[in-house]
Structure formats: structure tokens, C-alpha cells
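Coordinate-derived values only; no laboratory data. Model, not experiment: these values are computed from the prediction. Virtual Cβ from ideal backbone geometry, glycine too; neighbours counted across all protein chains shown.
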Amino acid sequence: MLWLRERGLRWVLQYGRQAYAVGGVRKFWGGLITEAVGGGKGLSDGLFEMAETAGVQVRYDTRATGLRSSIASRSQGRLTRGSRSAP
């Protein structure tokens, strides 16, 4: 979450679903106290925006045929066939 926040994704406390009042203090339960602003849609929109900013091409109906990697074994991209770019 820190990595996402550093890249501009905003988070809020989940007061509605993950918290209840005890003696005037909010108590959080379930181990999940934050959510992206806008919920799941906000998270998805933020991730797509970050990918676009980084120059990532999003493709649909695409099968991976290989994987490009660097000497340090870091993924650098996918080889694809039959792709359709995102609108």
C-alpha cells in the first residue's frame, strides 16, 4: 500500500464497514482498515492510470507467448499474439 500511495493512489479509513464505536472511540476489526478512494472502482481506475503514466500498454483478448526478462531476472514485458489494445 505504501508503494501505491507513493504513486498517488489515495486511501481512506473504512469507517462504514470495518469499524464500530466503543465508548466514543472507533474500533476497527477484520484486519482491513483502509480502502482506495472510490472503493474497488477507484483502485482499478488508479492502477490503470499509473500503468498509463508508466507507458504500459494494456491489451485484452491476448495470449502470452513468452516473457522478457533482464539479467537481474526482472520481468520487462510479455510477448503476445492476437492482441487488441485497450480503448
Out of the stretch 45-64, which residues are closer than 11 Å to Arg7 by Cα and assigned to a helix (DSSP H, G or I)?
Gly46, Leu47, Glu49, Met50, Ala51, Thr53
Could you check the stretch 11-33 and list, in sequence order, the residues that are among the β-branched types (Val, Ile, Thr), surrounded by 10 or more Cβ atoms within 10 Å (Cβ to Cβ) and more than 24 Å from Leu43 (Cα to Cα)?
none
Residue that is nearest to Lys41 (Cα to Cα), among those in the stretch 1-10 that are among the hydrophobic types (A, V, I, L, M, F, W, C) and surrounded by fewer than 13 Cβ atoms within 10 Å (Cβ to Cβ)
Met1
Output for Cβ contacts, cut-off 9 Å, separation at least six or different chains, first residue touching a residue at least 12 places away in the same chain (Cβ under 8 Å) in the stretch 50-68, second basic (Lys, Arg) and loosely packed, with under 12 Cβ neighbours inside 10 Å, reads Arg59/Arg84; Tyr60/Arg84; Asp61/Arg84; Thr62/Arg81; Thr62/Arg84; Arg63/Arg81; Ala64/Arg81; Thr65/Arg81
Among the residues of the stretch 4-31 satisfying the criterion of being outside any helix (DSSP H, G or I) and of a type in the set (Lys, Arg), which is nearest to Ala51 (Cα to Cα)?
Arg7
